[in-house]
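The values are calculated or read from the model by the stated rules, or taken from the named source; none is laboratory data. From a predicted model like this one, the values you see are computed outputs, not experimental measurements. For neighbour counting, all protein chains shown are included, and Cβ atoms are generated from backbone atoms with ideal geometry for every residue, glycine included. These area figures cover heavy atoms from the full protein model, side chains too; ligands, DNA and RNA do not enter into them. Shrake-Rupley method; radii C 1.70, N 1.55, O 1.52, S 1.80 Å.
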Amino acid sequence: MTTPVNRLRPRRSCLAVPGSNPRFLEKAQGLPADQVFLDLEDACAPLAKEGARHHIVDALNNGDWTGKTRVVRVNDWTTHWTYRDVITVVEGAGPNLDCIMLPKVQDAQQVVALDLLLTQIEKTMGFEVGKIGIEAQIENAKGLVNIDDIAAASPRLETLIFGPADFMASINMKTLVVGQQPPGYGADAYHYILMRILMAARTHDLQAIDGPFLQIRDVDAYREVAGRAAALGFDGKWVLHPGQVDAANEVFSPSQEDYDHAELILDAYDWCTSEEGGKKGSAMLGDEMIDEASRKMALVIAGKGRAAGMQRTSKFEAPEA
């Protein structure tokens, strides 16, 4: 078994970059995305995959990815490319790589197999064992049905990701627009899928990431779709175009007002439960009663704000006796 490390990284915006395009690999380094994943799967034509591996190794080793989570998406285990994707990239750039993204995950054994391969490479190369994380992409009905086992499959696992295009095809959804509500259904056709992924993620202390929105020039529509995932509690969403990055970072960050309020709740609760504050289990913050449940909710919002680098604009002042 590998040793768990800190897996909670900022992932409000997860930028997809074709591994076969050196110009895009260079440009991505200057964009304000929390995560960049260099793609060997759908973004690379079959004849370009081998060369793309080497472009990615060069970009990871020689590029400036400061402040970004560095991920490579390999091909899925049903192809003949996967093992060579992992070996070439990890042996070539393992110390400069944070995670491997595995697409089309259908059962736990596929995650276990990747974990084992990563462990063998790390031991062979003298890298820290267990440092490289795994992101699992759920893209069909079988993957969703098996999601609890998938989420528990490896201590390397960091995220569960919704892959909407392949998923929609796998269940015969009646629409050609990825992420759009299918005609004829009056409710949210994705609600169950998103909540199922979210419940599995939270059960195993993983992050939940929403997949891409392909109408890349319609930023308002992107915000709307991203807002749905953010409202449920997702941690971030894929971006396919630089124009979507700022929108994702904004949607998956708390507002300044909410962030300030969350920090005030935490300060007020710490004070009221202290000796100085009377060792009380609850207290008033203005007109609002706060207690332990309030503290837990505030921790979520404050954590997102801190991860986004937000600064407080208010300060808690203890009430006079």
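Data for the structure
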{"read-out": "Candidates A283, A268 - the one that is over 30 Å from Q207 (Cβ atoms) and either without any contact (Cβ under 8 Å) to a residue 60 or more places away in the chain or in contact with a strand residue (DSSP E or B) (Cβ under 7 Å, 6 or more places away or on another chain) (or both)", "value": "A283"}
{"read-out": "Count of residues meeting criterion [free of Cβ contacts under 8 Å to residues at least 40 places away in the same chain and either open to solvent by less than 10 Å² (accessible area, probe 1.4 Å) or within 19 Å of D235 (Cα to Cα) (or both)] in segment 138-164", "value": "2"}
{"read-out": "A59 vs. criteria at pLDDT 95 or above and out of contact with any Gly (no Cβ under 7 Å at 6 or more places or on another chain)", "value": "yes"}
{"read-out": "Filtered residue count, segment 189-208, keeping only those that are within 15 Å of G233 (Cβ to Cβ) and part of a loop (DSSP other than H, G, I, E, B)", "value": "4"}
{"read-out": "Single unsatisfied condition, G211 versus (1) closer than 16 Å to A165 by Cβ; (2) open to solvent by 50 Å² or more (accessible area, probe 1.4 Å); (3) under 13 Å from the mean Cα position of the chain (by Cα)", "value": "(2)"}
{"read-out": "Meets criteria (among the β-branched types (V, I, T), over 20 Å from F234 (Cα atoms), modelled with pLDDT of 95 or more and in contact with a Leu (Cβ under 8 Å, 6 or more places away or on another chain)) for V86", "value": "yes"}
{"read-out": "Matching residues, segment 82-129, being over 20 Å from K49 (Cβ atoms) and of a type in the set (S, T, Y)", "value": "T119, T124"}
{"read-out": "For A48: the one exception among (1) outside any strand (DSSP E or B); (2) surrounded by 18 or more Cβ atoms within 10 Å (Cβ to Cβ)", "value": "(2)"}
{"read-out": "Residues satisfying the stated conditions in segment 148-164, i.e. among the hydrophobic types (A, V, I, L, M, F, W, C) and in contact with a Lys or Arg (Cβ under 6 Å, 6 or more places away or on another chain)", "value": "none"}
{"read-out": "Elements of type strands (runs of 3 or more DSSP E) in segment 228-321, at least 3 residues being open to solvent by 30 Å² or more (accessible area, probe 1.4 Å) and within 25 Å of L38 (Cα to Cα)", "value": "none"}
{"read-out": "Yes/no for A200 being surrounded by 15 or more Cβ atoms within 10 Å (Cβ to Cβ), among the aliphatic types (A, V, I, L, M) and farther than 26 Å from K304 by Cα", "value": "no"}
{"read-out": "Selection within segment 77-106 - in contact with an Asp or Glu (Cβ under 7 Å, 6 or more places away or on another chain) and open to solvent by 10 Å² or more (accessible area, probe 1.4 Å)", "value": "K104"}
{"read-out": "Which numbered condition Y222 misses (of (1) of a type in the set (S, T, Y); (2) in a helix (DSSP H, G or I); (3) surrounded by fewer than 22 Cβ atoms within 10 Å (Cβ to Cβ))", "value": "(3)"}
{"read-out": "Residue in segment 30-41 that is out of contact with any Gly (no Cβ under 8 Å at 6 or more places or on another chain), open to solvent by 10 Å² or more (accessible area, probe 1.4 Å) and without any contact (Cβ under 8 Å) to a residue 12 or more places away in the chain present", "value": "yes"}
{"read-out": "Of all residues making up segment 12-43, the number that are within 17 Å of L102 (Cα to Cα), at pLDDT 95 or above and assigned to a loop (DSSP other than H, G, I, E, B)", "value": "3"}
